[in-house]
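Q: I'd like to ask you about the structure that follows.
The values are calculated or read from the model by the stated rules, or taken from the named source; none is laboratory data. The structure displayed is predicted, hence computed values, not measured ones. Cβ: placed from backbone, ideal geometry, glycine included. Neighbour counts: every protein chain shown.
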Number of protein chains: 2
Amino acid sequence: MGKEITDRSEDYSQWYNDIVKKAGLASNSAVRGCMVIKPHGFALWENMRDQLDKMFKDTGHVNAYFPLLIPKSFLSKEAEHVEGFAKECAVVTHHRLMNDPDGNGVVVDPSAKLEEELIIRPTSETIIWNTYRDWISSYRDLPLLVNQWANVMRWEMRTRMFLRTAEFLWQEGHTAHATSEEAVAESRQMLDIYAQFAEEWMAMPVIKGVKTANERFAGAEDTYTIEAMMQDTKALQAGTSHFLGQNFAKAFDVTYLDANQKQQHVWATSWGVSTRLIGGLIMTHSDDDGLVLPPKLAPQQVVIVPIPKPGPEIDEVAEKLIAELKGKGIRVIYDQDTKKRPGFKFAEYEMRGIPVRIGIGKRDLEKGVVEVARRDTKEKESVALDGAVDFVENLLTEIQDNLFLKALKHREANSFEVDDMDTFKKVLEEKGGFIYAHWDGTSETELKIKELTKATIRCIPLDGKEEAGKCVFSGKPSKQRVIFAKAY
Amino acid sequence: MGKEITDRSEDYSQWYNDIVKKAGLASNSAVRGCMVIKPHGFALWENMRDQLDKMFKDTGHVNAYFPLLIPKSFLSKEAEHVEGFAKECAVVTHHRLMNDPDGNGVVVDPSAKLEEELIIRPTSETIIWNTYRDWISSYRDLPLLVNQWANVMRWEMRTRMFLRTAEFLWQEGHTAHATSEEAVAESRQMLDIYAQFAEEWMAMPVIKGVKTANERFAGAEDTYTIEAMMQDTKALQAGTSHFLGQNFAKAFDVTYLDANQKQQHVWATSWGVSTRLIGGLIMTHSDDDGLVLPPKLAPQQVVIVPIPKPGPEIDEVAEKLIAELKGKGIRVIYDQDTKKRPGFKFAEYEMRGIPVRIGIGKRDLEKGVVEVARRDTKEKESVALDGAVDFVENLLTEIQDNLFLKALKHREANSFEVDDMDTFKKVLEEKGGFIYAHWDGTSETELKIKELTKATIRCIPLDGKEEAGKCVFSGKPSKQRVIFAKAY
């Protein structure tokens with residue numbers, strides 16, 4: 001069995017593609033920029049979705065479903081929104097095919113042209129706010145706390161599996177509120193939920209911040225973001241939550257009668273995370289042997305491998321272990337294949353990122369022990385069969401914690417405070433990472449720095465300390481450092 | 001508070017639309033034929049989906065996700081499939097909009113025409129079998145048991161919410177097998193799962209059968225179906241499972257190396273149920289006061305209403321009840337609104353189909369009782385507070401069983417054995433229902449009967465007894481009765 005994936009040090013980008021492919025997460029499809037999410041990748045997404053969905057419902061949100069297609073004219077109603085989203089999108093112009101008169105398969109029926117073209121949703125603010133007009137009339141209808149799990153499409157020019165695909169899966173929350181304060185609080189609450197999910201479930205540390213005007217969602221008053229650092233020290237925007245002000249309410253004329261019988265425009269938020277998170281998960285934890293998954297999200301948490309192969313004695317021990325592990329809510333599988341050698345199986349499960357492997361061998365059983373291997377550090381140890389279940393339960397927690405701490409240390413080791421442009425360039429070139437620097441607050445400076453270095457302002461950290469300083473580029477006064485980085 | 005919905009006896013079709021709207025299940029959207037599934041309707045779908053998903057996984061299936069868009073040329077590869085699906089579908093021809101040179105919003109950018117048009121999936125056999133070519137090479141890769149939860153689109157001319165919409169949500173299973181026998185067994189297994197789900201969860205009795213050649217899925221060798229009878233005695237096709245033979249494997253060149261090192265084409269099945277089931281649920285159980293839901297699928301199973309309004313004493317009793325009900329896994333809500341009168345609330349919860357209502361009044365509490373009302377029969381009784389939780393738990397089971405039995409009796413009362421065309425027409429006209437009649441097995445006869453009566457052959461029942469007879473139309477010999485009915 002040869003080495004199956006490229007080392008990170010050799011070619012990080014190729015390593016990523018190898019992991020996606022060899023771990024069975026996704027594959028390219030016949031449609032440009034669209035991927036097939038394979039069963040192992042989808043099981044991971046299901047676990048992420050189920051946990052997020054629970055967190056949304058625990059905070060009072062309900063799910064609904066809105067149409068895939070959006071009338072073209074809707075996109076033009078919010079001036080900034082159309083600039084951001086209308087440009088690269090899939091346009092439905094006809095509703096029928098017909099047999100080719102020349103006998104070559106099927107062709108578009110020219111008589112079935114739509115009166116108005118329809119766009120496959122790149123995001124659903126427009127169709128949803130057009131609907132909310134009918135749902136909201138009084139302050140009693142507010143707040144309206146709705147989420148949707150859906151596929152969306154953006155005709156990206158350069159795509160990478162999970163990170164940037166033409167079609168992707170996501171959730172988009174769309175809420176309506178009576179006051180600006182409530183809407184801001186909602187967008188902040190959802191940012192907190194995203195951060196909690198990223199850190200506690202994905203074991204991926206994130207920085208909560210607000211985007212600059214340049215990087216804001218098209219149509220938002222404020223865009224909040226969680227930013228994570230990947231192993232190659234580039235930033236990944238992992239989730240965003242937008243305070244939309246009254247922009248969409250005004251564009252779609254959504255008003256409510258307040259307690260004083262006055263008509264008011266409604267205040268809005270929207271927030272979303274997508275299958276992009278899977279890309280972030282891969283680039284936060286995985287190594288040169290394959291995928292590494294945080295136990296809380298791993299589709300299978302434990303695999304039991306009989307050594308050298310299954311048999312009545314080993315099976316009996318395995319089945320008892322499985323029953324006890326399942327009793328503790330641990331997801332476990334037993335590999336009963338008789339044709340593959342243990343070494344081959346070990347490599348395969350390492351590739352797929354199963355956090356814990358239990359090897360059961362006859363000789364070990366005579367000593368009353370099994371071999372427990374953890375995927376993150378690849379350490380192995382002999383564990384008394386009697387205490388194996390408790391050991392594994394604790395180990396899963398330990399792996400989850402270890403992955404988070406390792407990623408946090410990596411981020412800390414690659415975060416730098418920088419005060420002049422020469423150092424800025426030097427640090428960015430030699431080390432990359434997150435550069436904390438003062439900025440004068442203008443788009444002009446931001447764009448010039450981007451032009452010079454390819455680094456963008458990832459966010460203005462929400463918990464950043466106030467500190468008098470001078471803009472790293474213009475020398476103008478600044479009150480807080482912002483984070484610059486190259487980003488996915 | 002006036003009567004909100006049309007009586008069934010007055011206008012069944014209008015009654016249906018009223019229920020969908022007033023119970024908060026769905027609403028029309030700005031896009032022709034596409035509906036918005038509202039939170040109450042979506043919560044119902046989530047419960048259906050979760051249970052089906054569990055049944056699929058318990059039988060070894062895994063989920064995956066395939067692209068929304070299908071290259072036009074794929075549809076032509078399976079000759080019958082293209083006839084069935086290529087005609088009315090949404091066609092993506094461009095990938096960009098641009099600002100209208102005349103300043104009127106946005107228009108399609110003519111320079112962004114796709115080389116090959118893409119179709120929004122009406123069903124995914126083609127894109128999936130094109131993918132399976134890469135996934136399958138040896139008998140060890142089989143069986144491949146994959147399911148997808150997705151949105152699909154068919155450009156229907158006449159749409160009705162849930163029953164027939166341009167876009168709908170569904171699951172589509174697509175499996176690959178080494179032998180014909182295994183594929184047939186899979187398609188029958190999934191039919192059994194659909195029937196079990198319909199009867200045990202939806203409380204909707206169904207007849208399992210096989211479709212005639214005329215009514216088969218485009219590209220299938222055999223289509224199995226579950227057929228249910230609605231309250232108006234029309235039939236609803238509630239789910240189908242197809243044995244696809246080697247048609248798609250041949251069209252997309254999917255082969256495997258068998259144990260004897262010979263290349264063989266793969267055998268296939270596909271099977272699906274959709275949000276149409278919600279339409280079936282409504283038309284099986286609901287009444288002139290609103291939605292009636294089987295407890296197993298109801299988003300909320302019990303509502304507690306304080307009479308006349310909340311207060312410390314009632315709240316305390318309610319909270320204790322809620323904790324105990326939740327402890328038994330029962331989904332319960334407590335209405336603490338202080339502005340609406342109990343009578344208004346009762347009507348509202350009846351409209352929304354909550355199976356059990358518990359009224360807690362001060363005077364009742366003095367007697368140590370609460371009032372329990374069931375939605376299906378509208379019976380009310382005083383129940384000792386002490387035993388209320390057990391009473392409600394049993395009542396939910398009783399309601400579930402009662403709904404099924406009532407629907408079964410309705411079907412039995414409207415099923416008729418008919419042996420001549422005059423009686424056939426008379427029964428169909430006067431009573432409707434399921435007509436069990438002999439048929440000579442030809443498409444010609446089937447189509448003539450349809451022309452004469454609008455009734456189609458819903459299925460050849462799988463458990464129908466063999467019985468020598470003569471075709472009700474042609475007089476030719478027949479071995480088994482088939483079911484004719486008018487259908488949704």
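Q: Against the definition (within 20 Å of residue B:148 (Cα to Cα) and either β-branched (Val, Ile, Thr) or not assigned by TED's automatic domain parsing to the domain that holds residue A:219 (or both)), how does residue A:70 come out, yes or no?
A: Against the criterion (within 20 Å of residue B:148 (Cα to Cα) and either β-branched (Val, Ile, Thr) or not assigned by TED's automatic domain parsing to the domain that holds residue A:219 (or both)), residue A:70 does not qualify.
Q: Determine, yes or no, whether residue A:123 is under 26 Å from residue B:117 (Cα atoms), touching a Ser or Thr at 6+ places or on another chain (Cβ under 8 Å), polar (S, T, N, Q) and surrounded by 20 or more Cβ atoms within 10 Å (Cβ to Cβ).
A: yes
Q: Hey, residue B:87 hits all of (1) outside the structural domain of residue B:162 (by TED's automatic domain parsing); (2) touching a residue at least 12 places away in the same chain (Cβ under 8 Å) but one; which does it fall short on?
A: Just one mismatch for residue B:87, condition (2).
Q: Something else about it: Restricting attention to the range A:198-219, which residues are in a loop (DSSP other than H, G, I, E, B) and either at pLDDT below 95 or charged (D, E, K, R) (or both)?
A: Selection gives A:211, A:216, A:217, A:218, A:219.
Q: Another one. Taking the condition more than 13 Å from residue A:325 (Cβ to Cβ) and in contact with a Lys or Arg (Cβ under 9 Å, 6 or more places away or on another chain), does residue A:347 pass?
A: no
Q: Within the range A:241-282, how many residues turn out to be part of a strand (DSSP E or B) and closer than 21 Å to residue A:161 by Cβ?
A: The total comes to 3.
Q: Confirm whether residue B:162 is within 14 Å of chain A (Cβ to nearest Cβ), part of a loop (DSSP other than H, G, I, E, B) and within 16 Å of the chain's Cα centre (by Cα).
A: Yes.
Q: Can you tell which of A:127, A:119 is free of Cβ contacts under 8 Å to residues at least 60 places away in the same chain and either touching a Pro at 6+ places or on another chain (Cβ under 6 Å) or β-branched (Val, Ile, Thr) (or both)?
A: The match here is A:119.
Q: May I ask you to verify whether residue A:91 is crowded, with 18+ Cβ neighbours inside 10 Å, under 30 Å from residue B:25 (Cα atoms), in contact with a helix residue (DSSP H, G or I) (Cβ under 9 Å, 6 or more places away or on another chain) and β-branched (Val, Ile, Thr)?
A: When the stated conditions are applied, residue A:91 passes them.
Every residue, every condition in (1) over 27 Å from residue B:200 (Cβ atoms); (2) crowded, with 23+ Cβ neighbours inside 10 Å; (3) not β-branched (Val, Ile, Thr), yes or no:
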{"site": "B:272", "(1), (2), (3)": "no, yes, yes"}
{"site": "B:276", "(1), (2), (3)": "no, no, yes"}
{"site": "B:287", "(1), (2), (3)": "no, no, yes"}
{"site": "B:293", "(1), (2), (3)": "no, yes, yes"}
{"site": "B:308", "(1), (2), (3)": "yes, no, yes"}
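Q: Something else now. Just one of A:86, A:64, A:90 is of a type in the set (A, V, I, L, M, F, W, C), closer than 30 Å to residue A:247 by Cβ and at pLDDT below 95; which is it?
A: A:86
Q: In addition: Is it true that some residue in the range A:357-376 is in the same structural domain as residue A:323 (by TED's automatic domain parsing), without any contact (Cβ under 8 Å) to a residue 40 or more places away in the chain and under 25 Å from residue A:230 (Cβ atoms)?
A: There is at least one residue in the range A:357-376 that is in the same structural domain as residue A:323 (by TED's automatic domain parsing), without any contact (Cβ under 8 Å) to a residue 40 or more places away in the chain and under 25 Å from residue A:230 (Cβ atoms).
Q: While we're here: Pairs needed: first member in the range B:221-237, at positive phi; second member anywhere, of a type in the set (S, T, N, Q); C-beta distance under 8 Å; at least 6 residues apart or different chains.
A: B:233/B:414
Q: Could you please let me know if residue A:158 is free of Cβ contacts under 8 Å to residues at least 40 places away in the same chain, more than 24 Å from residue A:191 (Cβ to Cβ) and among the basic types (Lys, Arg)?
A: Here the answer is yes, as residue A:158 does meet what is asked.
Q: What is the one condition in (1) closer than 30 Å to residue B:87 by Cβ; (2) out of contact with any helix residue (DSSP H, G or I) (no Cβ under 7 Å at 6 or more places or on another chain); (3) aliphatic (A, V, I, L, M) that residue A:142 does not satisfy?
A: (1)
Q: Can I ask one more? When only residues in the range B:108-120 that are surrounded by fewer than 22 Cβ atoms within 10 Å (Cβ to Cβ) and in contact with a Leu (Cβ under 7 Å, 6 or more places away or on another chain) count, which is nearest to residue A:113 (Cα to Cα)?
A: B:108
Q: Which of (1) surrounded by fewer than 20 Cβ atoms within 10 Å (Cβ to Cβ); (2) within 28 Å of the chain's Cα centre (by Cα); (3) on the phi < 0 side of the Ramachandran plot does residue B:421 not meet, given it meets every other one?
A: If we test residue B:421 against (1) surrounded by fewer than 20 Cβ atoms within 10 Å (Cβ to Cβ); (2) within 28 Å of the chain's Cα centre (by Cα); (3) on the phi < 0 side of the Ramachandran plot, just (2) comes out false.
Q: Looking only at the range B:423-448, count every residue that is assigned to a helix (DSSP H, G or I), closer than 13 Å to residue B:212 by Cβ and either touching a Ser or Thr at 6+ places or on another chain (Cβ under 8 Å) or without any contact (Cβ under 8 Å) to a residue 12 or more places away in the chain (or both) and tell me the total.
A: Result for the range B:423-448: 4.
Q: Filter the range A:457-480 for residues that are out of contact with any Asp or Glu (no Cβ under 7 Å at 6 or more places or on another chain) and not in a loop (DSSP other than H, G, I, E, B) and give the result.
A: Within the range A:457-480, A:460, A:461, A:469, A:470, A:477 qualify.
Q: Shifting gears a bit: In the range A:59-75, is there at least one residue being in contact with a strand residue (DSSP E or B) (Cβ under 6 Å, 6 or more places away or on another chain), loosely packed, with under 14 Cβ neighbours inside 10 Å and in contact (Cβ under 8 Å) with a residue 60 or more places away in the chain?
A: Yes, the range A:59-75 has at least one match.
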